[in-house]
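Written below as structure tokens is the structure these notes are about.
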Ligand code: SF4
Ligand code: SF4
Ligand code: SF4
């Protein structure tokens with residue numbers, strides 16, 4: 001064989017090996033966490049191991065649309081994950097446990113199913129005693145109907161209730177507020193000389209005085225990020241995914257794939273006074289914490305802190321009451 | 001207009017005659033091609049950030065349809081990596097023929113397949129799945145690999161480049177449109193060929209291989225099937241091969257009478273129109289149908305697509321030329337008059353591709369720096385933002401391309417009508433209507 005032919009063949013073989021080997025090599029060395037819409041698999045991998053005190057470096061990429069990444073119950077800004085791009089994120093864990101990470105962008109109907117866990121091992125520095133959520137200690141049945149039999153004619157005004165409330169027999173403890181629905185408090189004022197409208201205004205003021213503007217603002221932000229996609233910006237249950245949820249629910253009645261969509265239903269309308277005025281903060285806490293068990297309402301217990309859930313409930317009542325600005 | 005013989009220039013002649021420059025390009029192309037397959041298979045599934053999609057369907061397509069085909073005809077085939085591994089195996093060498101050639105089957109392709117119908121079919125298959133093919137890196141990777149392996153397989157069974165001649169989905173239209181290019185490879189003097197012993201340009205010699213494209217260079221009258229591989233320049237002992245610069249569309253003066261080629265013209269014209277309507281038109285429904293491969297809407301889309309290409313366009317054309325009084329049989333008239341559609345179709349594709357390419361060209365920079373979507377930044381351009389380019393000249397450029405196409409096809413129609421002894425009027429009207437439709441779809 002001539003020299004030139006031999007060299008050419010070597011060049012070609014080396015070139016082909018490089019063209020195959022180089023991408024494979026670098027690909028194998030870059031572990032990426034892929035984000036896809038939940039119906040196409042969600043996070044992959046969706047279980048990540050970490051250790052207390054050791055920074056966890058993660059590389060994310062999206063295989064379809066823009067997703068977001070955040071870890072529940074952790075003080076962190078959510079990070080966007082763009083299609084075809086790689087996002088580096090470094091996390092630090094102080095406490096062992098199982099953390100939930102989730103998508104923070106409304107990527108699709110099953111957006112809220114996009115969750116994964118980070119299993120953090122190691123020893124805890126200050127073991128926190130586990131507390132039982134209020135709805136559990138109150139033994140509330142989250143799925144029982146709780147409609148208020150009577151509702152006000154318009155949105156009760158906290159400002160009008162303020163002057164009335166000072167000499168009313170209302171238990172001022174946070175405990176009392178959290179465990180009673182607006183309707184129950186309204187009922188408790190039966191034996192006062194107030195008109196129905198005045199009693200509702202007093203309830204509105206009571207609700208306002210049990211929250212702070214800071215808590216409301218925080219609740220509003222959480223709501224906009226996490227709830228509005230389904231429940232709507234203004235709480236009317238008409239978010240961008242609401243129709244799809246209803247359709248998915250109807251379709252599931254007729255299809256074999258019903259298991260996944262089982263009982264998907266229209267998101268609750270927070271502007272409906274019957275429903276909302278009959279619900280205590282503890283009941284709402286329970287619903288948010290546990291989720292709707294297949295209705296499409298996610299379980300938020302692993303994502304929101306207790307304070308965040310109280311902020312949210314406080315904000316949700318603002319669809320019923322006119323608070324002072 | 002006169003022809004200018006480029007091979008008179010010693011530099012060009014030597015560069016074409018030597019195997020080394022071509023081999024160097026071949027190796028680079030092959031590496032790029034294999035890299036594209038790998039990128040498609042393991043890179044990010046987001047098409048607009050994957051090397052395979054961006055470099056094959058945006059960069060390569062742009063170069064092919066806007067530059068290579070209009071100006072160099074089959075110039076792309078001269079450097080195309082697809083048939084190389086098969087051809088090297090077949091030859092038993094990558095440079096000049098070795099003393100001992102390997103024994104492959106070396107069969108002749110059966111007569112019934114020696115036309116471009118298979119290419120028409122392979123092109124249509126890709127065209128029907130194009131919405132998925134053009135956006136899904138995995139599928140692009142698989143199709144690229146399949147073409148490579150099909151070419152290797154055919155090389156070991158049949159003689160010469162059977163894949164290029166009869167199966168390659170792009171080879172068909174490159175050949176058709178290469179007739180319009182201002183470049184050709186021809187013999188210098190017919191008399192020399194007549195007396196040439198052994199015809200090494202077709203049969204091969206120790207200096208090189210017999211024409212891999214199975215054409216006899218001595219008889220070349222059009223570009224369609226000459227792959228510009230330059231073997232005959234190397235083998236011709238009488239230095240009788242020239243590469244010429246010539247007027248555009250010189251080959252179209254002698255219309256083809258082959259039905260496979262005539263239908264190729266309709267296929268290309270029709271698919272340009274359908275693509276413009278589906279991809280750039282305002283009808284979301286059509287787009288959905290084209291993208292949901294396998295759905296019933298897609299089947300309807302496929303049927304409509306095929307009906308436009310095989311029934312509507314040729315049907316209207318036939319109706320138009322039905323009444324022209326003529327001695328030629330209708331079939332022949334059909335084939336030879338459809339020649340006018342070749343420049344028209346080419347310019348439709350140029351106009352359509354302009355918008356497609358300029359809109360997406362900015363992905364090239366990002367994909368260059370991060371070809372697999374692994375977060376690299378090789379050239380610092382990984383984060384180049386998507387941005388349509390040259391939007392202000394897009395519409396004028398497209399209009400210009402279409403108008404040029406119309407004038408060009410009208411002139412071609414006149415020539416082929418003269419040749420066939422009929423009026424060119426119906427064909428010109430046909431081209432005018434098609435151009436107006438295309439203009440409306442694009443703008
Ligand atoms: S016919 Fe197809 S495979 Fe052959 S050289 Fe041309 S483009 Fe490449
Ligand atoms: S080898 Fe040269 S002279 Fe002989 S037939 Fe071929 S082109 Fe003509
Ligand atoms: S050998 Fe000559 S005629 Fe044949 S394909 Fe190559 S360049 Fe064209």
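For segment B:112-258, list log₁₀ I(q)/I(0) at each q in 0.11 Å⁻¹, using the Debye formula over Cα point scatterers of equal strength and ignoring solvent, two decimals each. Computed log10 I(q)/I(0) values: -0.50.
If the Kirkwood radius is taken over C-alpha pairs of chain A, then at 20 °C and 1.002 mPa s the Stokes-Einstein diffusion coefficient equals 94 µm²/s. Our note on the geometry: Cα centres of segment A:201-239 and segment B:381-419, 57 Å apart. Given R₀ = 56 Å, FRET efficiency for residue A:306-residue B:149 by Cβ-Cβ distance, to 0.05? Once the sixth-power term is evaluated, E becomes 0.40.
Across chain B, the convex hull enclosing all Cα atoms gives 160 Å³ per residue. The alpha carbons of segment A:134-317 give a radius of gyration and a Dmax of 17.4, 60 Å, in that order.
Across segment A:76-214, Cα-Cα pairs farther apart than 20 Å form 67% of the total. A helix-only calculation puts chain A at -11500 deg cm²/dmol for mean residue ellipticity at 222 nm, using -39500 (n - 2.57) for each DSSP H run of at least four residues, averaged over all residues.
Principal-axis analysis of the Cα atoms of chain A puts helix A:281-290 at an angle of about 20° to the longest axis.
For segment A:134-317, the relative contact order works out to 30 percent when only alpha carbon pairs closer than 8 Å and six or more residues apart are counted.
Within segment B:173-200, what residues put their amide N at less than 17 Å from the label point 7 Å along the Cα-to-Cβ vector of residue B:5? Taking a point 7 Å out along Cα→Cβ of residue B:5, the residues of segment B:173-200 whose backbone N falls under 17 Å are B:183-196. Taking 7 Å steps out from each Cα toward its Cβ at residue B:411 and residue B:190 produces label points 2.6 nm apart. Convex hull of alpha carbon positions in segment B:1-69: directionally averaged projected area 6.3 nm². With both labels modelled 7 Å from their Cα along Cα-to-Cβ, the residue A:225 to residue A:212 distance reads 1.9 nm.
With all pairs of separate Cα atoms included, the protein assembly as shown yields a Kirkwood hydrodynamic radius of 31.5 Å.
Distance between the C-alpha centers of segment B:55-81 and segment A:143-172? Whole Å please. Between the Cα centres of segment B:55-81 and segment A:143-172 lies a distance of 76 Å. As an equivalent ellipsoid, segment B:183-338 spans semi-axes of 42, 22, 13 angstrom, where each value is the square root of five times an eigenvalue of the C-alpha gyration tensor, largest first. Calculated FRET efficiency, residue A:5 to residue A:46, Cβ-Cβ distance, R0 = 51 Å: about 0.45 to the nearest 0.05. Among beta bridges from DSSP that stay inside segment A:32-121, the antiparallel ones total about 70%. Percent of Cα pairs in segment A:267-322 per distance bin of 5 Å, from zero to the largest separation: 4, 20, 29, 27, 16, 4, 0. The angle between the Cα long axis of helix A:306-317 and the longest principal axis of the Cα atoms of chain A comes to about 60 degrees, rounded to the nearest 10.
Output the antiparallel fraction of DSSP beta bridges having both residues in chain B, as a percent to the nearest 5. Bridges in chain B are about 90 percent antiparallel. Per-residue ellipticity at 222 nm, computed for chain B from helices alone with -39500 (n - 2.57) per DSSP H run of at least four residues, works out to -16500 deg cm²/dmol. Once the Cα atoms are used to define both axes, helix A:196-209 deviates from the longest principal axis of chain A by about 40 degrees. Summary of the geometry: segment B:152-167 and segment A:284-325, compared by the centres of their Cα atoms, lie 68 Å apart.
Using C-alpha pairs under 8 Å with a sequence gap of at least 6, the mean separation divided by the residue count of chain A gives a relative contact order of 17 percent. Treating r as the C-beta distance of residue B:142 and residue A:137 and R0 as 56 Å, the FRET efficiency rounds to 0.45. Extension gain, residue B:253 to residue B:25: 0.36 nm times the residue separation minus the Cα-Cα distance gives 78.7 nm. Name the residues of segment B:148-163 whose amide N is less than 18 Å from a point 7 angstrom out from the Cα of residue B:117 along the C-beta direction? From segment B:148-163, the list is B:163.
Here the simple spin-label model places points 7 Å from the Cα toward Cβ, and for residue B:393 and residue B:379 these points are separated by 2.1 nm. Which shape class applies to segment B:33-92: rounded if a/c is under 1.5, otherwise prolate when a/b exceeds b/c and oblate if not, where a ≥ b ≥ c are the square roots of the Cα gyration tensor eigenvalues? Note, shape of segment B:33-92 comes out oblate. Counting only DSSP beta bridges with both residues in the protein assembly as shown, tell me the antiparallel percent, nearest 5. For the protein assembly as shown, the DSSP antiparallel bridge percentage is about 70. Evaluated at q = 0.10, 0.13, 0.17 Å⁻¹, the base-10 log of the normalised Debye intensity for segment B:1-148, with identical point scatterers placed on the Cα atoms, takes the values -0.49, -0.81, -1.20. Over all pairs of different C-alpha atoms in segment B:313-433, the reciprocal of the mean inverse distance, the Kirkwood hydrodynamic radius, equals 17.0 Å. Counting only C-alpha contacts under 8 Å and six or more residues apart, can you give the relative contact order of chain B as a whole percent? Value for chain B: 19 percent. Distances between every pair of Cα atoms in segment B:374-443, grouped in 5 Å steps from 0 to the bin holding the largest one, split as 3, 14, 16, 13, 10, 9, 8, 7, 6, 5, 4, 3, 1 percent. Inverting the pair-averaged 1/r between distinct Cα atoms of segment A:32-121 gives 12.9 Å as its Kirkwood hydrodynamic radius.
Taken together, the values in this text are just the output of simple stated rules run on the coordinates, not laboratory data. All of these numbers come straight from a predicted model, not from anything done at the bench. All Cβ positions, even for glycine, are placed from backbone atoms using ideal geometry, and neighbour counts span all protein chains on display.
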